[in-house]
Amino acid sequence: MDEVYEFLKEKAPTYYLATVENGEPRVRPFGTVDLYDGKLYIQTGKSKKVYRQIMDHPQVEICACVGPEWLRLSGELVPDDSVEAKRHMLDNYPALRAMYDENDDNTIVLYFKNATATFESLADGSKRTVGW
(Lines give C-alpha, C1' and ligand atoms only; values in the text may rest on other atoms or scores of the structure.)
Protein backbone atom coordinates (compact mmCIF):
# COMPACT_ATOMS: atom_id res chain seq x y z
CA MET A 1 0.00 0.00 0.00
CA ASP A 2 2.85 2.40 0.82
CA GLU A 3 4.37 1.82 -2.61
CA VAL A 4 1.05 2.54 -4.32
CA TYR A 5 0.69 5.73 -2.29
CA GLU A 6 4.23 6.84 -3.17
CA PHE A 7 3.69 6.17 -6.88
CA LEU A 8 0.45 8.19 -6.95
CA LYS A 9 1.63 10.98 -4.65
CA GLU A 10 5.17 11.49 -5.90
CA LYS A 11 5.45 10.07 -9.41
CA ALA A 12 1.95 10.40 -10.89
CA PRO A 13 0.01 13.10 -9.04
CA THR A 14 -2.65 13.00 -11.75
CA TYR A 15 -4.18 9.58 -12.25
CA TYR A 16 -7.35 8.35 -13.94
CA LEU A 17 -10.28 6.85 -12.04
CA ALA A 18 -12.69 4.55 -13.86
CA THR A 19 -16.26 4.07 -12.62
CA VAL A 20 -19.50 2.76 -14.10
CA GLU A 21 -22.71 4.67 -14.80
CA ASN A 22 -25.73 2.94 -16.34
CA GLY A 23 -23.50 0.10 -17.51
CA GLU A 24 -21.12 2.49 -19.31
CA PRO A 25 -17.52 3.26 -18.31
CA ARG A 26 -16.66 6.73 -17.04
CA VAL A 27 -13.05 7.87 -16.65
CA ARG A 28 -11.79 11.14 -15.25
CA PRO A 29 -8.56 12.63 -13.88
CA PHE A 30 -8.10 12.70 -10.11
CA GLY A 31 -5.30 14.07 -8.00
CA THR A 32 -5.83 13.21 -4.34
CA VAL A 33 -4.36 10.29 -2.44
CA ASP A 34 -3.72 9.87 1.26
CA LEU A 35 -2.60 7.27 3.76
CA TYR A 36 -4.56 7.46 6.99
CA ASP A 37 -5.17 4.91 9.71
CA GLY A 38 -3.60 2.15 7.63
CA LYS A 39 -5.83 2.78 4.60
CA LEU A 40 -5.34 4.32 1.16
CA TYR A 41 -7.83 7.15 0.51
CA ILE A 42 -9.02 9.38 -2.31
CA GLN A 43 -11.32 12.40 -2.00
CA THR A 44 -14.25 13.92 -3.86
CA GLY A 45 -17.51 15.76 -3.26
CA LYS A 46 -20.82 14.08 -2.52
CA SER A 47 -22.51 16.42 -5.02
CA LYS A 48 -20.48 15.05 -7.93
CA LYS A 49 -21.60 12.35 -10.36
CA VAL A 50 -18.48 10.32 -9.58
CA TYR A 51 -19.61 9.94 -5.96
CA ARG A 52 -23.03 8.63 -7.02
CA GLN A 53 -21.34 6.25 -9.48
CA ILE A 54 -19.09 4.89 -6.72
CA MET A 55 -22.04 4.45 -4.36
CA ASP A 56 -23.93 2.52 -7.06
CA HIS A 57 -20.87 0.46 -8.12
CA PRO A 58 -18.06 0.66 -5.55
CA GLN A 59 -15.66 -1.48 -7.65
CA VAL A 60 -13.35 1.01 -9.40
CA GLU A 61 -9.99 1.09 -11.10
CA ILE A 62 -7.20 3.66 -11.17
CA CYS A 63 -4.57 3.88 -13.87
CA ALA A 64 -1.44 6.04 -13.63
CA CYS A 65 1.57 6.25 -15.92
CA VAL A 66 4.97 7.89 -15.71
CA GLY A 67 7.20 7.31 -18.71
CA PRO A 68 7.50 3.55 -19.22
CA GLU A 69 6.15 2.73 -15.71
CA TRP A 70 2.51 2.35 -14.93
CA LEU A 71 0.19 1.29 -12.15
CA ARG A 72 -3.28 -0.22 -12.22
CA LEU A 73 -5.15 -0.27 -8.91
CA SER A 74 -8.52 -1.95 -8.61
CA GLY A 75 -10.70 -2.46 -5.59
CA GLU A 76 -13.79 -1.41 -3.71
CA LEU A 77 -14.09 2.17 -2.48
CA VAL A 78 -15.65 2.55 0.96
CA PRO A 79 -16.82 6.00 2.13
CA ASP A 80 -15.46 7.35 5.42
CA ASP A 81 -17.40 10.37 6.66
CA SER A 82 -15.23 10.89 9.74
CA VAL A 83 -14.02 14.43 10.31
CA GLU A 84 -10.55 13.13 11.19
CA ALA A 85 -10.05 11.30 7.87
CA LYS A 86 -11.35 14.26 5.88
CA ARG A 87 -9.16 16.69 7.84
CA HIS A 88 -6.09 14.53 7.24
CA MET A 89 -6.75 14.55 3.49
CA LEU A 90 -7.40 18.28 3.31
CA ASP A 91 -4.35 19.07 5.43
CA ASN A 92 -2.30 17.27 2.77
CA TYR A 93 -4.05 19.18 -0.05
CA PRO A 94 -4.55 22.70 1.37
CA ALA A 95 -5.53 24.11 -2.04
CA LEU A 96 -8.73 22.04 -1.80
CA ARG A 97 -9.83 24.02 1.25
CA ALA A 98 -11.16 26.68 -1.14
CA MET A 99 -13.82 24.13 -2.17
CA TYR A 100 -14.03 21.61 0.69
CA ASP A 101 -14.09 21.54 4.47
CA GLU A 102 -14.00 18.53 6.80
CA ASN A 103 -17.15 19.82 8.52
CA ASP A 104 -19.30 20.39 5.43
CA ASP A 105 -21.92 17.97 4.09
CA ASN A 106 -20.21 17.65 0.71
CA THR A 107 -16.63 16.51 1.40
CA ILE A 108 -16.09 12.76 1.39
CA VAL A 109 -13.04 10.55 1.54
CA LEU A 110 -13.11 6.94 0.40
CA TYR A 111 -10.64 4.16 1.10
CA PHE A 112 -9.69 1.10 -0.91
CA LYS A 113 -10.79 -2.32 0.33
CA ASN A 114 -9.91 -5.66 -1.30
CA ALA A 115 -7.43 -3.84 -3.52
CA THR A 116 -5.04 -5.22 -6.12
CA ALA A 117 -2.25 -3.08 -7.53
CA THR A 118 -0.21 -4.08 -10.57
CA PHE A 119 3.04 -2.30 -11.35
CA GLU A 120 4.42 -2.72 -14.86
CA SER A 121 7.37 -1.38 -16.79
CA LEU A 122 7.46 -1.23 -20.54
CA ALA A 123 11.19 -0.51 -20.30
CA ASP A 124 12.19 -3.88 -18.84
CA GLY A 125 8.99 -5.90 -19.14
CA SER A 126 8.66 -6.38 -15.39
CA LYS A 127 5.27 -6.91 -13.79
CA ARG A 128 4.44 -7.19 -10.11
CA THR A 129 1.13 -7.42 -8.25
CA VAL A 130 0.40 -6.59 -4.61
CA GLY A 131 -2.83 -6.61 -2.70
CA TRP A 132 -4.50 -5.75 0.56
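The values are calculated or read from the model by the stated rules, or taken from the named source; none is laboratory data. No experiment lies behind these values; they were computed from the predicted model shown. Neighbour counts run over all protein chains shown; Cβ positions are idealised from the backbone, glycine included. Please note that ligands, DNA and RNA were not included when accessible areas were found on the heavy atoms of the full protein model with its side chains. Shrake-Rupley method; radii C 1.70, N 1.55, O 1.52, S 1.80 Å.
Things worth noting here:
- For the chain, convex hull of alpha carbons as volume per residue, Å³: 103
- Computed per residue of the chain from DSSP H runs no shorter than four, each worth -39500 (n - 2.57), the mean residue ellipticity at 222 nm is -4500 deg cm²/dmol.
- Nitroxide proxy distance, nm - points 7 Å out along Cα→Cβ at M55 and R128: 3.9
- Simple point charges give the picture: +1 on the Cβ of Lys and Arg, -1 on the Cβ of Asp and Glu, and for the chain a dipole about the Cα centre of about 340 debye.
- Counting protein heavy atoms only, the chain has 49 percent of its accessible area on carbon and sulfur, 1.4 angstrom probe.
- Number of Lys pairs (Cα under 30 Å; 8 or more positions apart or on different chains) in the chain: 27
- Paramagnetic label zone (point 7 Å from Cα along Cα-to-C-beta, E3; backbone N under 11 Å) in segment 109-125: 117-120
- Table column - 3J(HN,Hα) (Hz), segment 95-109, Karplus curve with 6.51, -1.76, 1.60, x for Gly and Pro: 4, 6, 5, 5, 10, 10, 9, 4, 9, 7, 8, 9, 5, 9, 10
- At a probe radius of 1.4 angstrom, the accessible area of segment 1-110 per residue rounds to 51 square angstrom.
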